[in-house]
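Worksheet for the structure shown next.
The values are calculated or read from the model by the stated rules, or taken from the named source; none is laboratory data. Nothing here was measured: the structure is a model prediction, and the numbers come from that model. Cβ atoms come from the backbone with ideal geometry, glycine included; neighbour counts cover every protein chain shown. All accessible areas refer to the heavy atoms of the entire protein, side chains included, with ligands and DNA or RNA removed. Shrake-Rupley method; radii C 1.70, N 1.55, O 1.52, S 1.80 Å.
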Amino acid sequence: NNEKSVPQLLIRDLKFEKKSLAKLMFSPDQENHPSKAPVKYGELIVLGYNGSLPNGDRGRRKSRFALFKRPKANGVKPSTVHIACTPQAAKAISNKDQHSISYTLSRAQTVVVEYTHDSNTDMFQIGRSTESPIDFVVTDTVPGSQSNLDTQSVQSTISRFACRIICERNPPFTARIYAAGFDSSKNIFLGEKAAKWKTSDGQMDGLTTNGVLVMHPRNGFTEDSKPGVWREISVCGNVFSLRETRSAQQRGKMVDNETNQLQDGSLIDLCGATLLWRTAEGLSRTPTVKHLEALRQEINAARPQCPVGFNTLAFPSMKRKDVVDEKQPWVYLNCGHVHGYHNWGNKEERDGKDRECPMCRSVGPYVPLWLGCEAGFYVDAGPPTHAFSPCGHVCSEKTTAYWSQIPLPHGTHTFHAACPFCAHQLAGEQGYIRLIFQGPLD
């Protein structure tokens, strides 16, 4: 970067060069092999991780999972219904090559629904289990945890076979979500205590213990997005209003005019982890990691300074996203003034957590700033001018505004807004703050 050519302005006034950044806006798939790329249905991104799991992504356990068209269809669809205990029902359950769902109504009665192969769809399964039927292994998200060791003492509330997504193999590649996944014996068992019922057309349906909740945003996943309403999805993919608590016996009301079809920006909550669904088309309009890196370099090239120490500040590279660097920008969360790290201004009476800003005297938390590196969470490609409070993750204004409005499920019956990059509950009036950088004085 030739520093002399950079305008000496506040960061918020920087006019980000759109042409040079436009080239970086295409997804990596389009850049590398436009014709040979397998069909991508979309990606699931776990909220609370800034680009990768704390100990690194490994195998089926990672922070994001791409769903590609399978070489051979593996989808299933319901076929025969057996009332137990008939020999056919027992056979369907014990047959390892036959998918089935068993609904235990009482000790004396079980209804078994056989599922047959569907050559038009692909099935992907998500859950806590590491058994082979699970394509994407998801563990409980602990807000702000730096390692998976933090999460192991927690009793998991995520189901071993939490849910399945069925994608159409032909355009427009519609993806639908269903509660519960098939186990290693290709069975789903809904025990006596699970909420279950007979539908008007004589079929069976039910809910899993802690449920699978879905929220579709209004206006898609764009800078105009608004939060939608949380719903619960049944084993057969029907849509219901929420139960009183996560595992209540009584189901909510059926919502006839809504479907289990995922759209760009849909959120899926598994009671312990929340996933964001991005369609392949939506991802192609989203900033890439290259684009975010260009924005980082652009900010650093403008040489923002600490208004007190006059030392130049710089956002560390994305690979060093968890280690505080000596040039790291810090912010006073009440006013948004950005400084370098310094030791003065401690307010002893508040455990040393609150500081007085030397610029405007407002008192509040003082935290390091981190760039939001998970591009899939961005609703636009705007410059990183705002930070979530209290964690200090930095991204575009519209992205902070969007996530600060979303009530994410927490525990069994509460909701709160959280930073998508670290899952910390947001604080303050808005949950985010506009950053005020000082440009160089020379």
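Checking each residue in region 168-185 for being within 14 Å of residue 126 (Cα to Cα) and open to solvent by 10 Å² or more (accessible area, probe 1.4 Å) picks out 176, 178, 183, 184.
If the condition is being of a type outside the set (Val, Ile, Thr), open to solvent by less than 30 Å² (accessible area, probe 1.4 Å) and part of a loop (DSSP other than H, G, I, E, B), then region 225-240 contributes 225, 227, 228, 230, 234, 237. Looking only at residues in region 298-344 that are open to solvent by less than 20 Å² (accessible area, probe 1.4 Å), small (Gly, Ala, Ser) and out of contact with any helix residue (DSSP H, G or I) (no Cβ under 9 Å at 6 or more places or on another chain), the one that is nearest to residue 354 (Cα to Cα) is 336.
Output yes when any residue across region 279-300 is aliphatic (A, V, I, L, M), in contact (Cβ under 8 Å) with a residue 24 or more places away in the chain and farther than 19 Å from residue 377 by Cα, and no when none is. Spell out the reasoning first.
Applying the first criterion (aliphatic (A, V, I, L, M)) to region 279-300 yields 280, 283, 289, 292, 294-295, 299.
Filter once more, so that each one left must be in contact (Cβ under 8 Å) with a residue 24 or more places away in the chain: 280, 283, 289, 292, 294-295, 299.
Next, from what is left, pick out any that are farther than 19 Å from residue 377 by Cα: 299.
Yes, there is a match, as at least one residue in region 279-300 is aliphatic (A, V, I, L, M), in contact (Cβ under 8 Å) with a residue 24 or more places away in the chain and farther than 19 Å from residue 377 by Cα.
Listed here are the residues, each with its yes/no results for (1) outside any loop (DSSP other than H, G, I, E, B); (2) in contact with a Gly (Cβ under 6 Å, 6 or more places away or on another chain); (3) outside the structural domain of residue 194 (by the TED database).
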| residue | (1), (2), (3) |
| --- | --- |
| 271 | no, no, no |
| 278 | yes, yes, no |
| 281 | yes, no, no |
| 295 | yes, no, yes |
| 327 | no, no, yes |
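Here residue 222 does not qualify as assigned to a loop (DSSP other than H, G, I, E, B) and without any contact (Cβ under 8 Å) to a residue 60 or more places away in the chain.
With respect to residue 382, is the statement that it is modelled with pLDDT under 95, open to solvent by less than 20 Å² (accessible area, probe 1.4 Å), touching a strand residue (DSSP E or B) at 6+ places or on another chain (Cβ under 9 Å) and of a type outside the set (Ser, Thr, Tyr) true? Talk me through it step by step, then tell me what you get.
Numbers: modelled with pLDDT under 95: yes; open to solvent by less than 20 Å² (accessible area, probe 1.4 Å): yes; touching a strand residue (DSSP E or B) at 6+ places or on another chain (Cβ under 9 Å): yes; of a type outside the set (Ser, Thr, Tyr): yes.
In short, yes.
Considering region 188-224, and only residues there that are among the polar types (S, T, N, Q) and more than 30 Å from residue 89 (Cα to Cα), the residue that is surrounded by the fewest Cβ atoms within 10 Å (Cβ to Cβ) turns out to be 219. None of 364, 376 is open to solvent by less than 10 Å² (accessible area, probe 1.4 Å), under 17 Å from residue 329 (Cβ atoms) and touching a Leu at 6+ places or on another chain (Cβ under 7 Å) except 364.
Yes or no, residue by residue, for (1) modelled with pLDDT of 95 or more; (2) assigned to a loop (DSSP other than H, G, I, E, B); (3) not assigned by the TED database to the domain that holds residue 357:
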| residue | (1), (2), (3) |
| --- | --- |
| 244 | no, yes, yes |
| 247 | no, yes, yes |
| 264 | yes, yes, yes |
| 275 | yes, no, yes |
| 299 | no, no, no |
| 316 | no, yes, no |
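The test for being hydroxyl-bearing (Ser, Thr, Tyr), in contact with a Ser or Thr (Cβ under 9 Å, 6 or more places away or on another chain) and surrounded by fewer than 16 Cβ atoms within 10 Å (Cβ to Cβ) holds for residue 284. In the set 387, 427, only one residue is of a type outside the set (Lys, Arg) and part of a strand (DSSP E or B); that residue is 387.
In this structure, residue 360 qualifies as over 30 Å from residue 175 (Cβ atoms), modelled with pLDDT of 90 or more and part of a loop (DSSP other than H, G, I, E, B).
For region 388-414, give me each residue that is within 16 Å of residue 273 (Cα to Cα) and out of contact with any Pro (no Cβ under 8 Å at 6 or more places or on another chain). The answer is 408, 409, 410, 411, 412, 413, 414. Scanning region 198-219 for residues that are part of a loop (DSSP other than H, G, I, E, B) and within 19 Å of residue 47 (Cα to Cα) yields 210, 211, 216, 217.
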